[in-house]
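A.B. asks: Could you have a look at this structure, given as structure tokens, before my questions?
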Amino acid sequence: MFLSILNDGGPVAMYSLLLLLILTLVVLSKGFIKKEQVKKSISLLKSISLFALVLGFFWQIIGLMSGLIAFENMGSISPTVVAGGLKISSYSTLFGMLIFLIGRLGIIILTWKQKD
């Protein structure tokens, strides 16, 4: 099911976001393992998570624009087709938000565990 969502949401968009998720998890685990690099990990997590969020919105706008161009060329369309297109275009935004939340939760935990 996860692979079909990745492919339905646009392989370029979803797999680039998947790479950002993997990078987020690597930086987060590195922050837990190497205590001397906590500040660097927090800084990287802030940047990566925000980039994933913006990238998710970017890919959604690209998908909506291409869908609207296709709808314009088709003439009249059914509401079911529009709803399906909106659902699919939201996959990248939802995935970007998930990565953002994971990164921000990691920042909270790393900051909480950080010694002054």
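The values are calculated or read from the model by the stated rules, or taken from the named source; none is laboratory data. Because the structure is a prediction, the values reported are computed rather than measured. All accessible areas refer to the heavy atoms of the entire protein, side chains included, with ligands and DNA or RNA removed. Shrake-Rupley method; radii C 1.70, N 1.55, O 1.52, S 1.80 Å.
A.B. asks: Checking the cross-link filter: which lysines have an alpha carbon closer than 19 Å to that of LYS39, excluding same-chain neighbours under 8 positions apart?
C.D. replies: List returned: LYS30, LYS113, LYS115.
A.B. asks: When the chain is fully extended, how far beyond the present Cα-Cα distance does ASN7 get from TRP112, taking 0.36 nm per residue of separation?
C.D. replies: Value of the extension gain: 34.1 nm.
A.B. asks: When all protein chains stay in place, what accessible area (Å², nearest 10, 1.4 Å probe) is found for PHE51?
C.D. replies: 120 Å²
A.B. asks: Okay, next question. For MET14, MET74, MET97, MET1, give me the order by solvent-accessible area with a 1.4 Å probe, most accessible first, ignoring ligands, DNA and RNA.
C.D. replies: The residues order as MET1, MET74, MET97, MET14, largest area first.
A.B. asks: Now, a different point. Which whole-number percent gives the relative contact order of the chain, counting Cα pairs below 8 Å spaced six or more residues apart?
C.D. replies: Here the relative contact order equals 39 percent.
A.B. asks: Test of understanding: what is the full-extension gain from LYS30 to LEU18, defined as 0.36 nm times their sequence separation minus their Cα-Cα distance?
C.D. replies: So the extension gain works out to 2.5 nm.
A.B. asks: So with the 1.4 Å probe, I'd like the accessible area per residue for the chain, rounded to whole Å².
C.D. replies: Roughly 65 Å² per residue, with all protein chains present.
A.B. asks: May I ask you to give the percent of accessible area on the chain that is carbon plus sulfur, with a probe radius of 1.4 Å?
C.D. replies: Carbon and sulfur atoms account for 74 percent of the accessible area of the chain.
A.B. asks: Counting only Cα atoms, I'd like the Rg/Rh figure for the chain, Kirkwood definition for Rh.
C.D. replies: Here the Rg-to-Rh quotient is 1.14.
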